[in-house]
Structure formats: structure tokens, C-alpha cells
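A short worksheet on the structure shown next.
The values are calculated or read from the model by the stated rules, or taken from the named source; none is laboratory data. These numbers come from a predicted model, not from an experiment. Surface accessibility is based on the protein's heavy atoms, side chains included, excluding ligands, DNA and RNA. Shrake-Rupley method; radii C 1.70, N 1.55, O 1.52, S 1.80 Å.
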Amino acid sequence: MKRLVFLISAILLFSCADQKVNKEDLHYLNGYWEIQKVEFPNGQIKEYKANTMVDYIQLENEKGIRKKVQPRLDGTFIITEDEEPFELISLKEEFAFHYKNSLSERQEKLMALDSLSFITQNEEGIRYFYIRFQPISIQL
């Protein structure tokens, strides 16, 4: 039992370790993403088993938008009015989403990115884990 707990702890530690994000990989951000889980600084984890909304990210030349959309069973999306422009800024070999509007300004550091997932961390140390959205395919 102790070995199993150690093994699971080791896997979690390595899977959550910071990974360097390369500029060449930033194009992976384009597309549809669903939140998988949120990790709080106190160790608490909130998992999302099903999402009714997903994020659509469009990035071009370090400027982009993040928009909430609702997937439908026919493969289309209901597009909401929630659109947040951002700038992807470079910080000492790291990248961060920089959001600014008339009410607030905030940043989320891009901790890891590949073609299927990405992780961000906000200024309070909360980590957000996203996976690439896979539409439900129903055969009629």
C-alpha cells in the first residue's frame, strides 16, 4: 500500500512540474478547450467531469481572444457574448496571458502547452488544467 501511495504521489509530482513552453508551440493554443481541473495553493483540487461550456482561443501574432461557446450535439456551437481579448507576453523565457479591460487587469502564466493540453497559473497561485475539446459524436 505504501508503495502504491508513493508511486501515485511521484506521478502527480512529475506531471505537475513546470515545463518550458516554446514559442514554436504557441499555435497549439488555437482551438476549443475544456477545463479539466483546478488546483488551489492549499492542495485542494476541483475536477470537472462534464462541461456545458468550452473556451475558444484564437491567437495571431501574440494577440488573441478567448470566447465561451456551448457545444451542441450536431457539432455546432452556440456562441456567447463573453469574449475576452488578451495579449500573450514573454516574461524571461516564459509566456503569460495578459488580460486588460476597463474594469480589471490580470495575468495567467502559461505553465505547460502541447497539442492536447495546457496549464495556466494565475497571480494567486491557482492552476487551471485544460484539455483539447473532443466533440461528442452520435451516429444516427
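Here are a few things to note about the model shown:
- At the residue level, Lys68 shows approximately 80 square angstrom of accessible surface with a 1.4 angstrom probe and all protein chains present.
- Size estimate for the range 87-140 follows the Kirkwood approach: the inverse of mean 1/r over distinct Cα pairs works out to 13.0 Å.
- Using C-alpha pairs below 8 Å separated by at least 6 residues, the relative contact order for the range 42-124 is 15 percent.
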